[in-house]
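Enquirer: Here's a structure for you.
The values are calculated or read from the model by the stated rules, or taken from the named source; none is laboratory data. This is a predicted model, so every value here is computed, not measured. Cβ placement follows ideal geometry from the backbone for every residue including glycine, while neighbour counts extend to all protein chains displayed.
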Amino acid sequence: MKIAILIYNGMTFLDAIGPYEVLSQMPNVDIKFVAKKRGQIKADTGFAFLKAKFNFKDITEADILVVPGSTVAFLNVMKDEKTLNWIREIDKTTQFTTSVCSGSVILASAGLLNGLKATSHWKAINLLKEHQAIPLRERIVKQDKYITAAGVSAGIDMALFLCDELFGEDETRAIQLMLEYDPKPIYDSGDFKTCEPEIIQLAEKKLKKNAKKEMSLLQLFKNRKTLKKMK
């Protein structure tokens, strides 16, 4: 089973690595990290790097496509026709096309989620409307062959959901145990729908601070209208 994971500068690494850790344990898989250009890919934090060994010309088909999100960089990716065209072409060959976090906005920008229900990070989810998708504040949303996940950590859940679709309960539970994925966070604040307003406001401040780190003054100017719509 061929799995292609899109990577790009400014992406949130857990959006890709979380699903990778699950999917890599499925039977008979071949996983490739694919970028527009081969070489070093920088995380949105600026602290970590991945190396892309494959570019768009190298990978022309996949059974599964994973599109990760980011704090800010997705705003550029969703306008990059070369990347969107590659996603569209790969999508023609997939059994499942998936996303994590704001990666669903990239899929929607490629025209793949028109009229379909989808989820995204709570801060970016309203952008789905602008690209004819139907936003749902759920952790995982599946419609047709498209599986979208909410923010960052939800990518692990999405990959387990996908494994269950492909290989059933026993295989999925075994992988979950291998990863010892049994989350018990110290606070119940991971769901936008139930989190207190003051915590949401603090999270928004932190996200804006991270966004400013990523964007140059020129990028801020170009994308300020879109960022306002995310408020």
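Residues checked against (1) part of a helix (DSSP H, G or I); (2) touching a Gly at 6+ places or on another chain (Cβ under 9 Å); (3) of a type in the set (A, V, I, L, M, F, W, C); (4) at pLDDT 90 or above:
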| position | (1), (2), (3), (4) |
| --- | --- |
| Tyr187 | no, no, no, yes |
| Cys195 | no, no, yes, yes |
| Gln201 | yes, no, no, yes |
| Lys205 | yes, no, no, yes |
| Asn210 | yes, no, no, no |
| Lys213 | yes, yes, no, no |
| Leu218 | yes, no, yes, no |
| Lys222 | yes, no, no, no |
| Leu227 | yes, no, yes, no |
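Enquirer: Being within 20 Å of Asn85 (Cα to Cα), of a type outside the set (D, E, K, R) and surrounded by 14 or more Cβ atoms within 10 Å (Cβ to Cβ) is true for just one of Tyr8, Tyr20. Which residue is that?
Expert: Values: Tyr20 fails: within 20 Å of Asn85 (Cα to Cα).
From the options Tyr8, Tyr20, the qualifying one is Tyr8.
Enquirer: Sort out which residues of the range 177-213 are in contact with an Asp or Glu (Cβ under 8 Å, 6 or more places away or on another chain), surrounded by 10 or more Cβ atoms within 10 Å (Cβ to Cβ) and more than 20 Å from Gly10 (Cβ to Cβ), and write them in order of number.
Expert: Leu179, Ser189
Enquirer: Could you give every pair whose Cβ atoms fall below 9 Å, whose first residue belongs to the range 7-22 and is within 15 Å of Ile64 (Cβ to Cβ), and whose second residue is among the hydroxyl-bearing types (Ser, Thr, Tyr) and part of a helix (DSSP H, G or I), counting only separations of at least 6 or pairs across chains?
Expert: Val22/Thr172
Enquirer: With respect to the numbered conditions (1) part of a helix (DSSP H, G or I); (2) modelled with pLDDT under 95, which one is the sole condition not fulfilled by Pro183?
Expert: Checking Pro183 against (1) part of a helix (DSSP H, G or I); (2) modelled with pLDDT under 95, the one that fails is (1).
Enquirer: Out of everything in the range 23-50 that is buried (at least 22 other Cβ atoms within 10 Å of the Cβ) and in contact (Cβ under 8 Å) with a residue 60 or more places away in the chain, what residue ends up being farthest from Leu207 (Cα to Cα)?
Expert: It comes out as Leu23.
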